[in-house]
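The values are calculated or read from the model by the stated rules, or taken from the named source; none is laboratory data. Computed from a predicted structure; not experimentally measured. We place every Cβ from the backbone using ideal geometry, glycine too, and count neighbours over all the protein chains shown.
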Amino acid sequence: MPVALERGGRADQGDVSRLEEIIGKPVDAQFRAFLTQNDGAVPEANSFPVNGVAYVGGVNGFIRLKDIPSERALIDDIGTRAYPIADSEGGNYVILDEDQGGAIFFWDHEVEGGLYRIADNFDAFLEMLQPFDPDSVSLSPDQVESAWIDPSFLKQFGNKS
């Protein structure tokens with residue numbers, strides 16, 4: 001895996017059983033193997049492609065297995081055997097769908113029907129995660145329309161505006 005993970009733990013077998021009961025199917029074998037050491041892990045800053053080059057996402061953290069059922073309840077329009085496995089920027093999720101052979105999807109909460117297939121399986125998804133390169137992001141001055149800075153933040157730097 002190209003991205004380092006921190007603070008992961010071992011998933012509780014009772015939590016695995018609870019999720020399996022909810023989705024009515026065994027948890028994907030690749031994801032289950034990941035959970036033996038990385039439940040709730042936080043990756044270094046990363047990115048992955050979504051919908052070709054139209055979007056780029058990143059994993060903020062993998063959802064602890066015990067929290068997946070409550071996170072799943074927050075998501076509209078996913079399959080009965082699909083569940084979130086990671087938080088992504090802006091309130092989005094990475095979803096694993098057991099009915100699609102363990103395929104991985106990006107769920108964009110701001111787009112109706114915003115579910116994009118990004119990998120055929122969990123291991124392929126992990127391989128897609130690349131360390132984030134801040135030099136890959138650039139804006140020309142004409143792309144910035146405006147910026148607002150909280151005045152209380154500015155005061156921390158001695159600016160009285």
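Structure values in brief
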{"read-out": "Residue within the range 56-64 that is closer than 16 Å to Phe122 by Cβ and at pLDDT below 90 present", "value": "yes"}
{"read-out": "The range 10-56 - residue that is of a type outside the set (A, V, I, L, M), in a loop (DSSP other than H, G, I, E, B) and within 26 Å of Ala73 (Cβ to Cβ) and, of those, nearest to the chain's Cα centre (by Cα)", "value": "Gly40"}
{"read-out": "Count - residues of the range 75-90 that are at pLDDT 90 or above and not β-branched (Val, Ile, Thr)", "value": "7"}
{"read-out": "Filter result (touching a residue at least 60 places away in the same chain (Cβ under 8 Å) and assigned to a strand (DSSP E or B)) within the range 58-92", "value": "Val59, Tyr83"}
